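*Asks:* For reference, the structure I am asking about is given below.
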Amino acid sequence: MVFAILRKTDQVSALWWVLGPERAAMLPGWCGDMILTPAEARAALPAVERAFTWTPARYAAAMARLTEIVGVENAAKLLSGVPRLWREAVAADRGIVGTRVWM
């Protein structure tokens, strides 16, 4: 599970802002909302891995930009949590549900 509580923005908007349009387009679903079967999650994993592959300099820049709006702890959760969750789901032959909740 990737769980981040943000006050200034929602998780998907912040993450997509840092990823940029080319990387965000690699992710399945609609603005973070998705229900994927195990086969769909497995098929999407290579694109998710590419979207979250960074050079050290680009990762530092992405962390700095994301930290400005969500804080360092949430920035790290968002940048590392999504690909980790995907790998774990595929390894366990499970699907993925993604959503953002506004309260």
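The values are calculated or read from the model by the stated rules, or taken from the named source; none is laboratory data. Just so it is clear, the structure is predicted and the values come from calculations on it, not from any experiment. Positions of Cβ are backbone-derived with ideal geometry, glycine not excepted, and every protein chain shown enters the neighbour counts. Just so you know, the surface numbers come from the protein's heavy atoms only, side chains and all, with ligands and any DNA or RNA stripped out. Shrake-Rupley method; radii C 1.70, N 1.55, O 1.52, S 1.80 Å.
*Asks:* Charges only on Cβ, +1 for Lys and Arg, -1 for Asp and Glu: so what's the dipole of the range 51-100 about the Cα centre, in debye to the nearest 20?
*Replies:* In debye, rounded to 20, the range 51-100 gives about 80.
*Asks:* The range 58-103: which chymotrypsin sites (Phe, Trp or Tyr not before Pro) are DSSP loop and have at most 15 other beta-carbon atoms within 10 angstrom?
*Replies:* The qualifying sites are TRP102.
*Asks:* Per DSSP H run of n ≥ 4, the term is -39500 (n - 2.57); total these for the chain, divide by its residue number, and report the mean residue ellipticity at 222 nm rounded to 500 deg cm²/dmol.
*Replies:* -20500 deg cm²/dmol
*Asks:* Please work out how much length the chain gains when fully extended from ARG65 to TRP17, using 0.36 nm per residue of separation minus the C-alpha to C-alpha distance, in nm with one decimal.
*Replies:* Here the answer is 16.4 nm.
*Asks:* Working out 0.36 nm times the residue gap between ALA43 and ALA91, then minus their Cα-Cα distance, what length gain in nm do you get to one decimal?
*Replies:* 16.0 nm
*Asks:* Right, another one. Considering only protein heavy atoms and a probe of 1.4 Å, how much of the accessible area of the chain is carbon and sulfur, as a whole percent?
*Replies:* 63
*Asks:* Gain in length, VAL72 to ASP33, computed as 0.36 nm per residue apart minus the alpha-carbon separation, to one decimal in nm?
*Replies:* Computed gain between VAL72 and ASP33 is 11.6 nm.
*Asks:* Along the range 62-68, what does the Karplus equation 6.51 cos²θ - 1.76 cosθ + 1.60 (θ = phi - 60°) give for ³J(HN,Hα), rounded to whole Hz, x for Gly and Pro?
*Replies:* Couplings: 5, 4, 5, 5, 5, 4, 4 Hz.
*Asks:* Out of [x] 0.94; [y] 1.08; [z] 0.97, which label holds the value of Rg/Rh (Cα atoms, Kirkwood Rh) that was computed here?
*Replies:* [x]
*Asks:* Report the charge-dipole magnitude of the chain in Debye, nearest 20, computed about the Cα centre from +1 at each Lys and Arg Cβ and -1 at each Asp and Glu Cβ.
*Replies:* 160
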